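Asker: Dropping a structure here in structure tokens format, bear with me for questions.
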Amino acid sequence: MKKEILFTDGKYSIQRHQGIPEEALHFLDSIAWGNEGAIYEHKNTEDHIKLIKKPVLLAIYEGEKIRATAVFCMTTVTTNSEQFNCNYIRYFASAKEIRGKGVMKKFSIKVMELIREKEKEKTIYFACIERANKSSYKVVESAGYNPLGTVKTLGFSRFFPKKNIKITQITSKEEKEEVLNLLDKTYYNYVLTQFDSLFIKNNYFVIRENGQIIAGCQYHRAHWVINNMKGFTGKIVMNVVPLIPVLNKLFNPKRFEFLAFEGLYFKPGYEQQLYNLFEGLLAKEKLKSSMFWLGNTCPIREKILTKGKLGMIHSFIKDSDVEIMAAYKNIGETKIENLKSKPIFASAFDYI
């Protein structure tokens, strides 16, 4: 795998990899995510990384050992039919050996400079930072990223999800184009809109009425281990819920398996059918819980919230807001302010 040393300062260096080397996968497997809020581990990182579009790893090394990572994913995003190059950061992580030494802040600024210096097209760079993770927020901010908006984490759960025979799978090229046309219209006025993670494993499903799609979404299976949750309520959830039958099927911190939903669509007036779709997909995968992410000002969020009950899991994770931090290249201030005024499109795949 191609590797290039971009910068050296004493015993530290910044190296660029096209793709994700094995040593980086081992490093990411060892990381506990979060900080002052929930602390958790991703247990299917390798499977998800293989599905990322054009990943570029910039890693901070101490000698021969990786001490920090930032995976830049290149794609194209749209807003009102206008296209922008986009570089978004995943797996922004540091090892405990360099925390508190100022290394992450110093070298992160250099990493951001290196990734932006040769760009000639209109480009948006963004990172998703959990609101409670103040240290990561400060590092990204110091590297020239500013708030674009907030993404809300929502949970959906059912203790005994019911199968739904009306649910059908989207598999053909014609059906996928049908879905994309509906989503293009739904998210036309959003910022950061892209559908790269749709149709992975053909896991986009819909409910139809008279041949017309009235509800649809993509799901990804995810597996986390939760090590800590903040506050008194968090302690109860961590220590009491696992001991209660039925409840521990909904949330088991040692093995939290859930569906992540994205590409949400419902025909106006059919919001309840989206709930029916969620529940049917949980039954299909024999799970109880799911999560999805929507921008704070997303018009469809309020419509979803007012048309049904999300379930108990939502009360566990509803305060896990994510701040979208963005930087720009070759985009004027007027355009940037216009982008900031738009609701944010969020892909669930970027959060798992």
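The values are calculated or read from the model by the stated rules, or taken from the named source; none is laboratory data. Since the structure is predicted, the reported quantities are computational estimates derived from the model, not experimental observations. Cβ sites come from the backbone with ideal geometry, for glycine too, and all protein chains shown count toward neighbours. For accessibility, only protein heavy atoms count, side chains too; no ligands or nucleic acids. Shrake-Rupley method; radii C 1.70, N 1.55, O 1.52, S 1.80 Å.
Asker: So how do 193-203, 116-126 stack up, highest first, on mean other-Cβ count within 10 Å?
Answerer: On the way: 193-203: 17.6, 116-126: 15.0.
The densest-packed peptide leads the list: 193-203, 116-126.
Asker: If you don't mind, there's one more thing I want to ask. Under the classification rounded if a/c is under 1.5, otherwise prolate if a/b is larger than b/c and oblate if not, where does segment 183-336 fall, given a ≥ b ≥ c as square roots of the Cα gyration tensor eigenvalues?
Answerer: Oblate is the answer for segment 183-336, as a/c is 1.5 or above yet b/c matches or exceeds a/b.
Asker: So what's the projected area for segment 96-135, the Cα convex hull averaged over all directions, in nm²?
Answerer: Mean projected area for segment 96-135: 3.8 nm², to one decimal.
Asker: Grab every C-alpha pair in segment 28-139, bin the distances at 10 angstrom width from 0 up to the longest one, and report whole percents.
Answerer: All Cα pairs, binned at 10 Å, distribute as 12, 42, 35, 10, 1 percent.
Asker: Which semi-axes, in whole Å and largest first, does the equivalent ellipsoid of the chain have when worked out from the alpha carbon gyration tensor as the square roots of 5 times its eigenvalues?
Answerer: Values: eigenvalues 222, 129, 66 Å².
Ellipsoid half-lengths, sorted descending, are 33, 25, 18 Å.
Asker: Over segment 12-138, what is the relative contact order in percent, taking alpha-carbon pairs closer than 8 angstrom and at least six residues apart?
Answerer: Relative contact order comes out at 25 percent.
Asker: Roughly what angle does helix 173-186 make with the longest principal axis of the chain, taking Cα atoms, 0 to 90 degrees, to the nearest 10?
Answerer: Approximately 80 degrees, to the nearest 10.
Asker: Kindly express, to the nearest 10 degrees and within the range 0 to 90, the angle between helix 103-116's C-alpha long axis and the longest C-alpha principal axis of the chain.
Answerer: 80
Asker: Just by accessible area at a 1.4 angstrom probe, what is the order of 188, 351 from largest to smallest?
Answerer: Ranked from most to least accessible, the order is 188, 351.
Asker: Between segment 154-171 and segment 247-326, how many Å separate their Cα centres?
Answerer: Result: 11 Å between the Cα centres.
Asker: What percentages make up the Cα-Cα pair-distance distribution of segment 250-352 when the bins are 10 Å wide from 0?
Answerer: Percent of pairs per bin, in order: 12, 40, 30, 13, 5.
Asker: Right, here's the next one. Return the equivalent ellipsoid semi-axes of segment 105-258 as a descending list in whole Å, where each equals the square root of 5 times an eigenvalue of the C-alpha gyration tensor.
Answerer: 33, 30, 12
Asker: Counting only protein heavy atoms, what percent of the accessible surface of segment 273-339 is carbon or sulfur at a 1.4 Å probe?
Answerer: Exposed carbon and sulfur together represent 50 percent of the surface.
Asker: Excluding ligands, DNA and RNA, what is the solvent-accessible area per residue of segment 271-352 at a probe of 1.4 Å, expressed in Å²?
Answerer: 40
Asker: In addition: For segment 1-76, which whole percent of the accessible surface, found with a 1.4 angstrom probe, sits on carbon and sulfur atoms?
Answerer: Roughly 48 percent of what the probe reaches on segment 1-76 is carbon or sulfur.
Asker: Output the 0 to 90 degree angle, nearest 10, between the alpha-carbon long axis of helix 271-285 and the longest principal axis computed from the alpha carbons of the chain.
Answerer: Taking Cα atoms only, the helix is inclined about 80 degrees.
Asker: A further question on this structure: So, how do all the Cα-to-Cα distances of segment 173-271 break down into 10 Å bins, in percent, from 0 on up?
Answerer: Calculated over all Cα pairs of segment 173-271, the distribution is 13, 33, 22, 24, 8, 0 percent.
Asker: So for segment 79-157, Kirkwood radius off the Cα pairs, Stokes-Einstein at 4 °C and 1.567 mPa s: how many µm² s⁻¹?
Answerer: Details: Rh = 14.5 Å.
Roughly 89 µm²/s, to the nearest whole number.
Asker: Any idea of the accessible area per residue across segment 158-242, 1.4 Å probe, to the nearest Å²?
Answerer: Accessible area per residue, segment 158-242: 54 Å².
Asker: Something else about it: So how do 20-30, 336-346 stack up, highest first, on mean other-Cβ count within 10 Å?
Answerer: 336-346, 20-30
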